[in-house]
Amino acid sequence: MAPLCLDKEHITIDEVVEVARENVPVQVSPQGEARVARAWDLISHWVREKRVIYGITTGFGALSDVTISTDNIAQLQKNILLSHAAGVGEPFPIETVRGIMALRVRDLSLGHAACRADVLHQLVALLNNGVSPIIPEKGSVGASGDLAPAAHMGLVLIGRGEAYYKGRRVTGAKALEEIGLPPLRLEAGEGLAMINGTQVMTAIGVLAVHDAIRLSKVADIACAMSLEVLMGSQSEFDPLIHQVRPHPGQLTTAENMLRLTKGSEIIASHKGCSRVQDAYTLRCSPQIHGASKDAVAHAEQVIEIEINSTTTNPLVFAEIEDIRHGGNFHGQPVAMAADYLGMGLAELGSVSERRTERMVNPHLSHLPAFLIRDGGLNSGYMIAQYTAAALVSENKVLAHPACVDSIPTSANKEDHVSMGTIAIRQTREIMSNVEIVVAIELLCAAQAYDLITKDHPMKAGRGTRVAYDTIRKRVPYLENDREIHADIDKVVSLIRSGKLVKSVEAAVGTINA
């Protein structure tokens, strides 16, 4: 497996996901190491000159007016990791931690931070040897960087803290010993360089955006299946309608729906019926799904910029042999994009649940109550809809924007913070809920197909037929009540593995997100 060069001109979301989830090895090029060395030479020179540089020859935050003696510079950098490692809560998943480390290497390798190549080598070695620092999820306010969680990562480099290695939870010292590395002795600015940046919120964002793109496609597949079994029309996807309101996501969804339902004998069977228009959850699906797609696209753009940026402070500019103090560590761009993404995903779940309700409610469809033949004795998908409703309601709480809140920190020196890490953690939870809600819609639509075609054999559309077959390979028709949660889990697995989308795309071509 070829390693990913993390300091190349441009890295992509998909490449970071491969490092995080597929354990693709990483490296830094000689050019990247040369940039780091040049910046370090300048830092070393300025330290000898006793130049006042934030976090290198001064304290941190509100203590930045305290000058640190040369004798204490190394201790200062160790202390920042010890004191800032104040995170709490459950550990981040290993894939998230790997993403954090990869992005930190990326940032440092651009040559604007105070660190030696040794720091990069240590992080690269952890990644390539499968050492994952244990980083608590909670404690970042998303400004001055993701300080608390990043400090927990940094602890392992100096032989402190804890890590997962080969399925075991071990001390940082033990993890380093296992892979044959000594603890790193930090020098001027290196503790600060490890923690001052947006890599935690951005790593979560990378994975969230990647999964949101897939979920957007699945939502269109589910909607297309529901459209058929609810005897909906393709007329609302006519390009003429969408060309006069050309939002990108709207145009894309309408085109997806036409391709997914192309050749549907079920839709053709009721052509010319008395119904003039479908309910909004079907007729307005391009507008609703499309707006969510636009939210995903915006978040993708923001995250793509962020993973190719330097978000540390202070910033070394070797080309002019000078340093600048700024605020690139402030997570507001990511925070706002994360909240927008969360709202977009929540809406995909909201409209999905309403389509499920239409399928299980005999007053809103021609289908048996709760999609079961022997209703009364059997409850069918009655409670599956309850579950979807509960998750949609939970998402309404989670979708409250985190970025509009701010609590000043560091004795009001840091008087506006982004809460970006909270925002993207909420979005991750919203997405998990929506994946389940859409899985329930897919289950109900597959059940409805069987109920419709049992007495009147008809083919589904080109794409929806493949989606139905893929689901039925995992989940059989519901003849009598059984434990529904197992069926839901199987379809959620189909969504998260990407198998459902891949199967459908093999039949209809790429589904545009």
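Please treat every number below as a calculation from the coordinates, not as lab data. Quick caveat: nothing in here was measured; it's all calculated off a predicted structure. Positions of Cβ are generated from backbone atoms using ideal geometry, with glycine treated the same way; all protein chains shown enter the neighbour counts.
What do you get for the angle between helix 285-307 and the principal long axis of the chain? Use alpha-carbon atoms, 0 to 90 degrees, nearest ten. Between the helix axis and the principal axis of the chain, the angle is about 20 degrees. Look at His330, His400 and count the other Cβ atoms within 10 Å of each Cβ; fewest to most, that gives His400, His330. Note on the range 195-225 and the range 328-403: Cα centroid distance 17 Å, given to the nearest whole angstrom. Subtracting the Cα-Cα distance of Arg482 and Ala2 from their residue separation scaled by 0.36 nm leaves 168.1 nm. For the peptides 84-93, 458-467, 420-429, residues were scored by their other Cβ atoms within 10 Å and the scores averaged per peptide; the highest-first order is 420-429, 458-467, 84-93. The GluC sites (Glu not before Pro) found in the range 233-325 that occupy coil by DSSP, while having at most 15 further C-beta atoms within 10 Å, are Glu321.
A simple count of charges around Ala102, restricted to other residues whose Cβ falls under 14 Å of its Cβ and scoring Lys, Arg +1 and Asp, Glu -1, yields -3. In this structure, the pairs whose alpha-carbon distance is over 26 Å, taken from Lys262/Lys454; Lys166/Lys217; Lys262/Lys293; Lys50/Lys413; Lys138/Lys413, are Lys166/Lys217.
Relative to the Cα centre, the charge distribution of the chain, modelled as +1 at Lys and Arg Cβ and -1 at Asp and Glu Cβ, gives a dipole magnitude of about 820 debye.
At most 11 other Cβ atoms within 10 Å and a DSSP loop assignment: could you name the GluC sites (Glu not before Pro) in the range 436-483 that fit? Answer in residue order: Glu479, Glu483. Summarising the label geometry, the points placed 7 Å from Cα in the beta-carbon direction at Lys502 and Asn79 lie 5.3 nm from one another. Between the labelled values (1) 0.96; (2) 0.99; (3) 1.07, the entry that holds Rg/Rh (Cα atoms, Kirkwood Rh) as derived from this structure is (3).
The long axis of helix 73-84 is offset from the longest Cα principal axis of the chain by roughly 30 degrees.
Of the residues Ile407, Ile372, the one with the fewest other Cβ atoms within 10 Å heads the list, and the complete ranking is Ile407, Ile372.
Approximating the spin labels as points 7 Å out from Cα along Cα→Cβ, the Lys174-to-His121 distance works out to 2.7 nm.
Were the residues from Ser393 through Asn23 laid out at 0.36 nm apart, the gain over their Cα-Cα distance would be 129.6 nm.
Dividing the summed -39500 (n - 2.57) terms of all DSSP H runs of n ≥ 4 by the residue count of the chain sets its mean residue ellipticity at 222 nm at -18500 deg cm²/dmol.
The residue among Asn23, Ala74, Ile135 whose Cα reaches farthest toward the positive pole of the charge dipole of the range 4-197, with charges on the beta-carbon of Lys, Arg, Asp and Glu, is Ala74. Using the Cβ-Cβ distance between Ile305 and Arg373 with R0 set to 45 Å, the FRET efficiency from 1/(1 + (r/R0)^6) comes to roughly 0.25.
Here each label is just a point 7 Å from Cα along the line to Cβ, and for Lys271 and Asn128 those points are 6.2 nm apart.
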